[in-house]
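Bear in mind these aren't lab numbers, they're just calculated from the coordinates by the rules spelled out. Note that the structure is a prediction, hence the values are computed from the model and not measured. Here the Cβ is made from the backbone with ideal geometry for all residues, glycine too, and neighbour counts use every protein chain on show.
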Amino acid sequence: MTLLGRALGIITAVLYGIAILNFFIKWGNRKWVMKLPKESAFRGEYQTVMKFLVKNHRFFGLGAAVVMVAHVTLQILFQWVSVTGLVAAGIAVVTIILGGIMFKAKKRTPAMLWAHRSAVIALVIAAAIHIITRR
Ligand code: HEM
Ligand code: HEM
């Protein structure tokens, strides 16, 4: 159970990481790939991957939350109650709620995007502290 609990923690982190790729793949597209000629094979492949990541973004975020609940349950039962882990989990829930509000909104505002992004930055810091300290 200890090993499974740890593996679930790693899967949680990887899925959050894929959700975060949303930002970086769009950034690379704007900065660089969009300037390539339309016929470029690389441009086509890059944008196919980008569309997949953007379209399924919410499922990676929600999937991470599901695995996170399993990680938390096993760790509390078989390891210990991690305070840094609880902080990270709380921020993850806030991030998902903010993402959900933006997803449902009739009109997306820059404030919504920045609120969601700021929560993501807090989540990365909290998760890093949790993973490094394990406490
Ligand atoms: C955003 C939420 C979370 C993420 C991404 C996350 C991820 C991780 C990762 C990657 C590890 C290291 C696995 C390894 O040993 O290689 C870990 C360890 C651990 N996590 Fe979490 N975790 C989260 C939330 C929580 C919560 C809420 C708890 C419990 C209340 C918790 C309890 C633990 C414990 C006890 C360990 C240490 C396991 C060990 O060293 O044997 N985690 N977590
Ligand atoms: C905790 C998990 C999540 C993380 C780490 C995360 C991360 C991000 C990041 C970094 C961006 C910025 C992309 C950009 O700058 O263009 C973003 C945008 C967005 N997120 Fe999330 N997100 C998560 C969960 C969710 C969920 C569950 C939903 C919806 C139910 C959601 C909906 C959105 C929407 C609508 C956008 C803006 C448009 C788009 O790029 O699709 N997010 N997210």
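Counting every alpha-carbon pair across the chain, the share separated by more than 19 Å comes to 55%. In the structure shown, the pairs K35/K55; K55/K107; K55/K106; K31/K51; K26/K51; K31/K106 are assessed against 20 Å; a Cα-Cα span above that value is assigned to K35/K55; K31/K106.
Using a simple spin-label model with pseudo-atoms 7 Å out from Cα toward Cβ, R58 and V124 lie 2.4 nm apart. Considering only G17, G100, G28, the mean-square fluctuation computed in a Gaussian network model of the chain, springs between alpha carbons under 10 angstrom, is largest for G28.
Over the residues of the chain, the helix contribution to mean residue ellipticity at 222 nm works out to -29500 deg cm²/dmol, using -39500 (n - 2.57) for each DSSP H run of at least 4. Between V83 and F103, full extension at 0.36 nm per residue minus the direct alpha carbon distance yields a gain of 4.2 nm.
Rounded to the nearest Å, what's the spacing between the alpha carbon centres of segment 62-112 and segment 21-47? Just the number, please. First find each Cα centre; the distance between them is then 30 Å. If you take the square roots of the eigenvalues of the alpha-carbon gyration tensor of segment 82-135 and sort them as a ≥ b ≥ c, do you get rounded (a/c under 1.5), prolate (a/b over b/c) or oblate? The shape class here is prolate. Placing +1 on each Lys and Arg Cβ and -1 on each Asp and Glu Cβ, with no other charges, gives segment 7-48 a dipole about its Cα centre of roughly 260 debye. By the count of neighbouring beta-carbon atoms within 10 Å, fewest first, T12, T84 end up ordered T84, T12. Inter-label distance, I132 to K26: 2.8 nm, where each label sits 7 Å from its Cα along the C-beta direction. Look at H57, H116, H71 and count the other Cβ atoms within 10 Å of each Cβ; fewest to most, that gives H57, H116, H71.
All other residues whose Cβ lies under 14 angstrom from that of G9 are scored, Lys and Arg at +1 and Asp and Glu at -1, for a net of +3. Of V81, M34, M68, which is farthest on the positive side of the dipole of the chain, counting Cα position, with +1 on Lys and Arg Cβ, -1 on Asp and Glu Cβ, and the Cα centre as origin? Going by the charge dipole, the pick is M34.
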